[in-house]
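Student: If you scroll down you'll find the structure; I have some questions about it.
Values quoted throughout were computed directly from the atomic coordinates according to the rules given, and no laboratory measurement underlies them. Quick caveat, the model's predicted, so the values are computed rather than measured. Ideal geometry is used to build each Cβ from the backbone, glycine not excepted, and the neighbour counts take in all protein chains shown.
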Amino acid sequence: MPEKKKVIIIGCGVAGISAAIELIQAGFDVEIFESKNFPGGRVYSVFDGIANEEHDNGQHLLSGAYFHFFEILKVLGTDNLVKRQQNLRVVFSYSNGEKDILDGSPFKGKIGLLAGLLKLKKISLKSKYHITTFFSKLLFNKLEYDDKTVRELLIMNHQTGEAIQRFWEPLALATLNSSIDSAPAELLIEVLNKAFFADKEASTLIFPNVGLSSLLAPFTHWFSEKGGKIHFGQSIKKLMIKDDKVEAIETKSGDIYYADYFISTVQPNSLLKIISNSETDTAKFNYLKNFDFSTIISIYLWLDRELKGIDFSAMIGTKTQWLFNRREILNEFSNTNKNFKGHIALTISSGDDLSKEDSEKLADFCFDEVKNCFPELKGAKILHKKVIKDKFATVRLTQKNLKFRPKAETHLKNFFLAGDWIDTNLPATIEGAALSGRNAIRDIKSYFP
Ligand SMILES: Cc1cc2nc3c(=O)[nH]c(=O)nc-3n(C[C@H](O)[C@H](O)[C@H](O)COP(=O)(O)OP(=O)(O)OC[C@H]3O[C@@H](n4cnc5c(N)ncnc54)[C@H](O)[C@@H]3O)c2cc1C
């Protein structure tokens, strides 16, 4: 039998896990190096000693279009640890306490979206007409979006200020984590096509109903059982390169590991550090300098009162963009916390400006906004809070830097790239990361002698 080819993967986030599963299943010998002490990368939860329960590094919202990510969860046996909507349903909560509901039922896919749009009360007929026209142009491939930002595309297609603020902006911020003034229109188009014009189930939203770590933690056992080797707490310092090929990697502690192929799944700033330590033509990786990051602020509040009858909501007319009611989303076993009746998570995407604010004040400010949107919480008290400002939440993909997004292949013959920032046509999301891992393997297989 020919000897198995060996692949080293740097990083054990979603992209690394996706690549590893694919490689193991294709019969490769796989070794992973991960600087943290657990799998999952930017998808994880931590235990809060005061609240006596887990919270995530930031609430993650999944969609029915996350086919590659759900394939991973199926392999790990955790695809049932989520709550799936039957039909698309999004509540919009306004700062004056009014509510509007996009309710696609009883339909799915594009018909559900249309039905939901027509039922919206706080969007005028004129705006609905233009939104519907936009979607019909999308369906018939009639939108011209090359080199446009999301805002430019919306304006060109007669979207009203009201439609932009109340419909498009929440959608774009949640999916692209970039302001509509710089986010590339083509990414939004790809998301809409995948969600509404592909598979009918794709248009619904999905929430993990356990702490995020539970979704991916079984990977360590699965991978080891299949013969894979994983080194947690081991950062890669440099690539050892000879004749345009990577021969080995060196860890921060100075250990050297050889393989036939190497895949980096780290963010561009981490890759740049590894490259700058490596003896190679670093100029070939200069394009990495075009990527900076967009902040996501996550605020977890434990309250003396439970918010009832709502699982999540977009907030309109406020700095806070989304509210997630953890008591409704998480499964019943997580909801045994008697000391803190209410537990909500607030999300602000593309929150670079607000991240400079004092965390305590920011949490109080956002909670005031929540009370305006949900008058039933007037008089409620925060008993405990946690503010997480992740300045490296995702790369900021803009109309300007989109062209620098690399494919999996590099000029180094056996060195491939994966990660949510790689060119998959998708935004920097969990699904983009899962797909990028797959794409890297496809490229390795095509090189396989
Ligand atoms: C707060 C927050 C909220 C989010 N919300 C959503 C959401 O609602 N929906 C959604 O789809 N996506 C969301 N995302 C984005 C999503 O989490 C990421 O797109 C995805 O997890 C990226 O996976 P990845 O494998 O590409 O990268 P990572 O998860 O970053 O994996 C890279 C891994 O490499 C490791 N590493 C780095 N340097 C080295 C080194 N030198 N040596 C060894 N290991 C190294 C890192 O520790 C990390 O584990 C959110 C992200 C954040 C932070």
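Student: Quickly estimate the mean residue ellipticity at 222 nm for the chain, helices only: each DSSP H run with n ≥ 4 gives -39500 (n - 2.57), and the total goes over all residues, rounded to 500.
Tutor: When only DSSP H runs of four or more count, the value is -9000 deg cm²/dmol.
Student: In the chain, what % of DSSP beta bridges are antiparallel (nearest 5)? Display every interim value, and only then the final one.
Tutor: Values: 50 of 71 bridges.
If I count the DSSP bridges inside the chain, around 70 percent turn out antiparallel.
Student: So between D181 and K200, what do we pick up on full extension, going 0.36 nm a residue minus the alpha carbon distance?
Tutor: 3.8 nm
Student: For a test of the definition: using alpha carbon positions, the gyration tensor, and the 1.5 limit on a/c, classify region 180-294 as rounded, prolate or oblate.
Tutor: Details: a/c = 2.47, a/b = 1.37, b/c = 1.80.
Here region 180-294 falls in the oblate category.
Student: Hey, fewest Cβ within 10 Å first, where do I316, I111 land in order?
Tutor: I111, I316
Student: Near K389, which lysines are there with a Cα under 21 Å away, not counting those fewer than 8 places off in the same chain?
Tutor: K36, K319, K356, K361
Student: Another question about this same structure. Between E409 and L81, what is the spin-label point distance in nm, taking each point 7 Å from the Cα along the Cα→C-beta axis?
Tutor: Between E409 and L81, the label points sit 3.8 nm apart.
Student: For N193 and H158, FRET efficiency with R0 = 25 Å and r from the beta-carbon atoms, rounded to 0.05?
Tutor: So the FRET efficiency works out to roughly 0.75.
Student: FRET efficiency for K273 and S224, Cβ-Cβ distance as r, R0 = 22 Å, nearest 0.05?
Tutor: About 0.20, to the nearest 0.05.
Student: First check a/c for region 110-200, with a ≥ b ≥ c the square roots of the eigenvalues of its C-alpha gyration tensor; if it is under 1.5, answer rounded, and if not, answer prolate when a/b is larger than b/c or oblate otherwise.
Tutor: Numbers: a/c = 1.43, a/b = 1.16, b/c = 1.24.
Rounded shape, in that the Cα axes give a/c under 1.5.
Student: Hey, another quick one. Between K391 and K142, take the C-beta separation as r, use R0 = 25 Å, and let me know the FRET efficiency to the nearest 0.05.
Tutor: So, using R0 = 25 Å, E works out to roughly 0.05.
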